Every structure is written in C-alpha cells, then in structure tokens.
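Engineer: Attaching a single structure in structure tokens format; questions to follow.
The values are calculated or read from the model by the stated rules, or taken from the named source; none is laboratory data. Note that the structure is a prediction, hence the values are computed from the model and not measured. Quick reminder, even Gly has a Cβ in these numbers, built from the backbone with ideal geometry, and neighbours come from all protein chains shown.
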Amino acid sequence: MRVVHALCLASASACLVLAVLGGTAPAAALGEGTHVEIRGVRLADRTEPHATARRRLAWEVRKRTSIETRLRPRAARLDDPTLFETPLLQLAGDRAFDPLSEAEVVGLRRFLELGGFLLVDDATGGASDGFDESIRRLLRRALPRDPLRPVPSDHTLYRSFYLVDVPVGRVRGQPRLEGITRGDRLAVVYSRHDLGGAWARDDLGTWTHPVVPGGEAQREQAIRLGVNLVMYALCLDYKDDQVHAPYLMRRRGGRP
C-alpha cells in the first residue's frame, strides 16, 4: 500500500540546513527530482557485513511509500563532508573496530547536532560483544552528555509508517531498541537484531540469510521496522499519530 506522507517534505528544509552548514551544495537537499540516500558509514579497518542490505531497504522504502530513494546508496567516512548531503546514515558491523580519528568523531557529532539521524546495526545479532563495545565507545566520544537509553515501546518510531509491536531482525533478540535522544527527537537508534541480515538479497534476488526463529513473517516485520526507521528519520516535524492518522485507521481496520 502506497501512502502519501506530505509532511515528510519538512525534511527538505532540514537536509538543506545540513548541506549549507556542512559546506556542500544545497541541491543535495530533498526536493523534486532528488532521491533520499541511506548512506553507509565506512570504517577504515572493516567492510560492511551485508553489502546489499541498504540497497534492498532503499528498494522497499520506494515500493511501499511515497519516498523516492537512491537504489544504489553509497558509503563514506565520518570525516567526509558529503555526509551532509543526506539526513540518514547507517553504521553496521560484526566485530570490534579501532577507535576512530578525532576528525571522524567530530564529523559524527556535527552531523547529529545539525539534525542528522544515525542507525546502528549490530550484525552479530547480539552474539558478540566486540562491535557493541566499539560502538558504545564511539557514541560516548561523539555525544558524551547523551547516553544510549532504551527506546520506549510506545515511541512514535514504532508507528511512523507501520504499526510495529516489537523490533526484530535476522534474529529476534532483545525486545527493545536503544537510542540517543536530542531535544524531542531520536538522533541515534541502535539495534542488536541484525536488521541488515534480514534485508539483504543477492544479485539473483535470493535472501542471503535465514531469519530465526520466525521465518518469513519475521523478515517482513524486520523490513517494516526498516521502513519505519527511514520514515522517522525523514519526517522530522510530525507529532505522534496525527501525521499518519488516516493510514493508521486503515491498518487498524477503520474506514479509509
């Protein structure tokens, strides 16, 4: 079901501010003829664990919503000024990584302070502590006054497009996400469910990983959570149910 989310256009001004303050061309902001990019974070000593996951999520967002996405999203280091061309970054990993440079930490801090959104995905599904320890260290350096906290189950994130009862990915994992809130918005969301493992497909269209224990129904829930995360990152100005009230009524069985 495709739904027009008019208030997502509010993210155009946010992306424009990021572009101007970041020193990049304002043309990178959202607008007619442009596409949203789910930009990956490149770490110097690590490769992205699920190379096709962001591409697949971009396709799902385009198919299911009114948002035009870049179907071959790029990746960049956190000290790359082109980060400010997008309001949304994803950092995924499956092992510990070396401490980032001060320039990279400053780049992440500035991106988040100017309104950007970071999705962090533990590709081990919580099975290893190496990546978890590294990402917590990075976030403490970037935002020392803003700790990770559990995201409440009634948070707008869980109904920004779909009604999502519990976060899942390739694995079911813990029944919560963690996040960093700045002002009245989530700036960082951290999942230990291996979302990318549930999203990734190979070049022949075959899912690259089984989803446990819930199979394809769980995979669909992981995709819906991914769509919600993108919609939340883009719709900076909505207030709870008001933006999507007609859609939510349909999801709940109400009259269109």
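Engineer: Output the qualifying pairs, or none if there are none: Cβ atoms under 6 angstrom, residues six or more apart or on different chains, first residue in segment 185-209 and among the β-branched types (Val, Ile, Thr), second residue at pLDDT 95 or above and crowded, with 20+ Cβ neighbours inside 10 Å.
Structural biologist: VAL188/LEU118; VAL188/GLY179; VAL188/ILE180; VAL189/LEU119; VAL189/LEU177; VAL189/GLY179; THR208/ALA200
Engineer: Which one of GLY40, GLY107, GLY115 is modelled with pLDDT under 95, under 23 Å from ILE180 (Cα atoms) and not basic (Lys, Arg)? So that I can check it myself, show each step before the final result.
Structural biologist: Values: GLY40 fails: modelled with pLDDT under 95; GLY107 fails: modelled with pLDDT under 95.
On inspection, the qualifying residue turns out to be GLY115.
Engineer: Could you tell me whether segment 181-192 includes any residue that is more than 23 Å from LEU108 (Cβ to Cβ), within 15 Å of the chain's Cα centre (by Cα) and at pLDDT 95 or above?
Structural biologist: Residues of segment 181-192 that are more than 23 Å from LEU108 (Cβ to Cβ), as a first pass: none.
The answer is no; no qualifying residue exists.
Engineer: Here's another thing I want to ask about it. Report the residue count in segment 166-183 for those that are closer than 17 Å to VAL230 by Cα and either among the acidic types (Asp, Glu) or touching a helix residue (DSSP H, G or I) at 6+ places or on another chain (Cβ under 6 Å) (or both).
Structural biologist: The total comes to 4.
Engineer: Take ASP132 and tell me if it is in contact with a Lys or Arg (Cβ under 8 Å, 6 or more places away or on another chain), touching a residue at least 24 places away in the same chain (Cβ under 8 Å) and of a type in the set (Asp, Glu). Lay out the reasoning, then the answer.
Structural biologist: Values: in contact with a Lys or Arg (Cβ under 8 Å, 6 or more places away or on another chain): yes; touching a residue at least 24 places away in the same chain (Cβ under 8 Å): yes; of a type in the set (Asp, Glu): yes.
Judged against the criteria, ASP132 is a match.
Engineer: Still on this structure, please answer the following. Check segment 15-33 and report whether any residue there is modelled with pLDDT of 95 or more and in a helix (DSSP H, G or I). Before you say what the answer is, go through the steps one by one.
Structural biologist: Step one: filter segment 15-33 for residues modelled with pLDDT of 95 or more, giving none.
Within segment 15-33 (the criterion being modelled with pLDDT of 95 or more and in a helix (DSSP H, G or I)), the answer is no, since none of the residues qualifies.
Engineer: Quick one: is LEU83 on the phi < 0 side of the Ramachandran plot and modelled with pLDDT of 95 or more? Before the answer, list the steps.
Structural biologist: Working: on the phi < 0 side of the Ramachandran plot: yes; modelled with pLDDT of 95 or more: no.
No; evaluated as a whole, the condition is false for this residue.
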